[in-house]
Amino acid sequence: MTLIQSDLNSLKSLPCFNGIVEVRLLTDGMSHTCVKVITVEQDFLAKKLNKDTANTEVFSALTCSASGLSPTVIYHDTEWLVTVFITGTSLAKSELQSSSQISTALTLMARIHLLEPPQNNQSFPTLDTAKSVNRLFTNPASFNKHERLNLISVTETLTNDINAQIAHCDIPNVVCHGDLNFTNILIDNSQNPWLIDFECTHLAPVEFDLAMFTAVNNILPNQLSKVVSVYSTLAPSYRVDYKLLNYYVLYSYFINGLWYLDNINDPKADCDFRTLAIEQWSAFDSYAIKQVVDFPKLLPIIY
């Protein structure tokens with residue numbers, strides 16, 4: 001993974017940098033182009049934005065930064081988001097025990113759920129499960145006709161079940177990070193946690209964030225009740241809808257596996273996306289059996 005010359009030129013021309021000493025490409029756990037910019041005054045993190053999620057990511061970073069949840073935003077435009085550089089490590093690579101990692105992440109989750117989205121503002125898009133899945137059908141050669149029909153069937157069934165349960169129980173939306181992977185939480189040298197990477201931020205029920213958090217961090221399903229219990233102590237007024245939560249767990253396994261398969265040939269990837277897709281869709285098949293719901297098996301599609 002290398003920084004292309006046009007990106008380097010664009011980065012160096014940003015007005016927020018004074019006296020650049022070094023530009024260092026970061027690759028560890030990064031799914032987008034991220035650069036450490038060292039200047040004579042201080043260090044910065046610059047992230048190249050995805051044009052489809054740039055507005056959401058910038059707005060989320062500004063909102064969370066103002067609430068002390070994420071690093072201070074120094075500069076942003078349509079291409080770059082620049083924040084102060086946090087010296088430390090990711091929660092995934094920290095020395096904390098698993099229970100402490102979960103508690104740290106859920107503490108940040110509970111805080112972001114308390115954010116008040118501006119009225120009549122579209123910077124936090126509402127989660128559309130079907131639309132999110134359909135964005136990942138970008139490589140028609142990946143699936144044959146029968147496989148695509150099965151995937152469409154899973155998408156439609158999960159979307160209908162989720163929407164029906166939300167409507168039936170009148171479940172409210174909150175600001176959800178949408179990708180609370182342990183790698184998206186930084187622990188600085190003073191052991192303070194910081195949220196990063198907001199391109200998946202949406203308005204959605206709490207159950208979505210809990211489900212995605214469980215799936216993306218490969219937390220075993222039998223630990224889901226513990227995750228809910230820890231979150232409930234942090235948000236005492238919250239009452240989980242387990243039916244909706246189970247639908248969102250299946251959805252999270254499903255879309256995560258699809259995302260890995262859609263990005264399997266990404267030259268920036270520093271991990272085996274096929275293996276990760278197998279993990280997620282294997283978990284989907286197992287969870288569907290456990291919940292006694294009738295879905296086509298996903299794992300045979302990969303093999």
Problem set entry | Paramagnetic reach from Gln291 in the range 152-187 [backbone N under 17 Å; point 7 Å along Cα→Cβ] | 152-169, 171
For this session: Take the alpha-carbon centre of the range 99-120, take the same for the range 126-196, and report the distance between them in whole Å.
Result: 17 Å
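Give the longest segment of the chain that steers clear of GluC sites (Glu not before Pro) in DSSP loops with at most 11 neighbouring Cβ atoms within 10 Å, not counting the sites themselves.
Working: sites that count: Glu41, Glu95.
Counting only loop sites that pass the neighbour cut-off, the longest clear stretch is 96-303.
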For this session: Once you have a ≥ b ≥ c as the square roots of the Cα gyration tensor eigenvalues for the range 1-127, tell me rounded if a/c is under 1.5, and otherwise prolate or oblate according to whether a/b is larger than b/c.
Result: oblate
For this session: Treat each spin label as a single point 7 Å out from the Cα along the C-beta direction, and report the Glu116 to Phe143 distance in nm.
Result: 4.2 nm
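Rounded to the nearest 0.05, what FRET efficiency is calculated for Ser232 and Lys12 with R0 set to 45 Å and r the Cβ-Cβ distance? List each step's numbers first, then the result.
Values: r = 48 Å, r/R0 = 1.07.
So the FRET efficiency works out to roughly 0.40.
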For this session: Could you tell me what percent of the DSSP beta bridges with both partners in the chain are antiparallel, to the nearest 5?
Result: 95 percent
Exercise. GNM, the chain, Cα, under 10 Å: largest mean-square fluctuation among Leu203, Leu81, Leu96?
Worked result: Leu96
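Provide Phe254, Phe59 in ascending order of the number of other Cβ atoms located within 10 Å of each residue's Cβ, fewest first.
Phe59, Phe254
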Problem set entry | Taking the chain and dividing mean pair separation by its residue count, relative contact order in percent (alpha carbons under 8 Å, at least six apart) | 17 percent
Problem set entry | Ellipticity estimate at 222 nm from DSSP helix runs (n ≥ 4, -39,500 (n - 2.57)) divided over the chain, nearest 500 | -14000 deg cm²/dmol
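Apply 1/(1 + (r/R0)^6) to the Cβ-Cβ distance of Tyr303 and Gln5, taking R0 = 45 Å, and write down the FRET efficiency to the nearest 0.05. Each step should come with its number before you reach the end.
Details: r = 40 Å, r/R0 = 0.90.
Computed FRET efficiency for Tyr303 and Gln5: 0.65.
Each value in this text was obtained by applying a stated rule to the coordinates, not by laboratory testing. It should be emphasised that the depicted structure is a prediction, and the values quoted were computed from it without experimental measurement. Every residue, glycine as well, gets a Cβ built from its backbone with ideal geometry; the counts of neighbours run over all protein chains shown.
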